[in-house]
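As structure tokens, the structure follows; a few thoughts come after it.
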Amino acid sequence: MDVYGLMGNPVGHSLSPPMHEAAYDELDVDARYVTFEPDDAGAAIEAARTLGVRGLNVTIPFKEDALAHVEPDDLAARIGAVNTIDFRDDATPTGHNTDAEGVRRSFERHDVALDGRTAVVVGAGGAARAAAFALSDAGATVRIANRTVSRAQSLADDVPGATADGLDALADLLADADALVNATSVGMEEDRSPVPKGALHGDLAVLDAVYRPVETRLLREAAECGATTIDGAWMLLYQGVAAFELWTGRSAPVERMNAVLRRRL
Ligand code: NAP
């Protein structure tokens, strides 16, 4: 039996175990997916390697620390964070960032083209970094708006052609934008939106990385404006799908994973 897992702190309410185990069940993969709450990323990665764990997802607060203990691929190195580790080879474990793939495939699933379009990312933390690189790599021009402008600027410095502003610029930035990603925690378990409703319009496709609740105030107000809305469960689903496919080399049973995820949210 193969062992996969998630390390972070806390991980008690994670939806990754049921989502991955549904995939193992659907495809008859002899594997389990377990959670770990270690104190130290490096020690945990070394222990997992020694014990023969095949793959680890990584979440807060270890995504950045994990980078130093793996061989990151180009995307994870540019983002500066790892959310998926592959131990299949005996050599140094490889590090990947499937949050970016989660963003890309969420837009793709909703038939939203990004190449040549303008995308606004709200936030400058880990999720925002993944979103900004995903959007840029897909051919979009990226505009970053964050509460702390200096953090927006340091992200913009890393993403080709990106600009940085404070949240007060959102109305101007969104006026001619095609896509919007909320990558702040605003709206998580609260009825608040990081974007004024007046700045939203019907030509936008809006992805909210927040998935608790699934329908955030931002998405509700975006839908009222006629925008295409994409909830954070899609991003969560597709980062898991990408990790499953990386680890097993098989196509993930996306609809079964999605059904299990949405039943639990
Ligand atoms: P993070 O690194 O801590 O970044 C948090 C971001 O939110 C920062 O840009 C911060 O701005 C901003 N922020 C926090 N409170 C704010 C407030 N009151 N007003 C305005 N901005 C505020 O967190 P993260 O890991 O990027 O996660 C961000 C969100 O994405 C979380 O809700 C997380 O659950 C979600 N997420 C979802 C997925 C998914 O698969 N759906 C994956 C990853 C993350 P400052 O820089 O000014 O502090």
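The values are calculated or read from the model by the stated rules, or taken from the named source; none is laboratory data. For clarity, every value in this text was computed on a predicted model and none was experimentally measured. Neighbour counts are summed over all protein chains in view; Cβ atoms, including those assigned to glycine, are modelled from backbone coordinates with ideal geometry. When the accessible area is computed, the model is the full protein with side chains, heavy atoms only, and any ligands, DNA or RNA have been set aside. Shrake-Rupley method; radii C 1.70, N 1.55, O 1.52, S 1.80 Å.
The table below gives the values:
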read-out	value
Nearest 10 degrees, 0 to 90: helix 16-27 Cα axis against the chain principal axis	60 degrees
FRET efficiency estimate (nearest 0.05) - Cβ-Cβ, GLU46 to ARG250, R0 41 angstrom	0.90
Radius 9 Å from Cβ of ARG256, net charge of other residues (Lys, Arg +1; Asp, Glu -1)	-3
Neighbourhood charge, 12 Å Cβ-Cβ cut-off, centred on GLY232 and excluding it, Lys, Arg +1 and Asp, Glu -1	-2
For LEU170, solvent-accessible area (1.4 Å; no DNA, RNA or ligand), Å²	0 Å²
Residue-count net charge about GLY202 - beta-carbon cut-off 14 Å; Lys, Arg +1, Asp, Glu -1	-4
Between 0 and 90°, nearest 10: helix 41-51 axis offset from the chain longest Cα axis	40 degrees
Between 0 and 90°, nearest 10: helix 98-109 axis offset from the chain longest Cα axis	60 degrees
Among beta bridges that DSSP assigns inside the chain, antiparallel share in %, nearest 5	15 percent
Region 1-121 - accessible surface per residue (Å², probe 1.4 Å)	47 Å²
Solvent-accessible area, 1.4 Å probe, carbon plus sulfur percent, for region 100-230	42 percent
Structure-based [θ]222 nm, the chain - -39500 (n - 2.57) summed over DSSP H runs of at least 4, per residue, nearest 500	-12000 deg cm²/dmol
Overall form of region 129-265 per C-alpha gyration tensor (a/c, 1.5; a/b vs b/c)	oblate
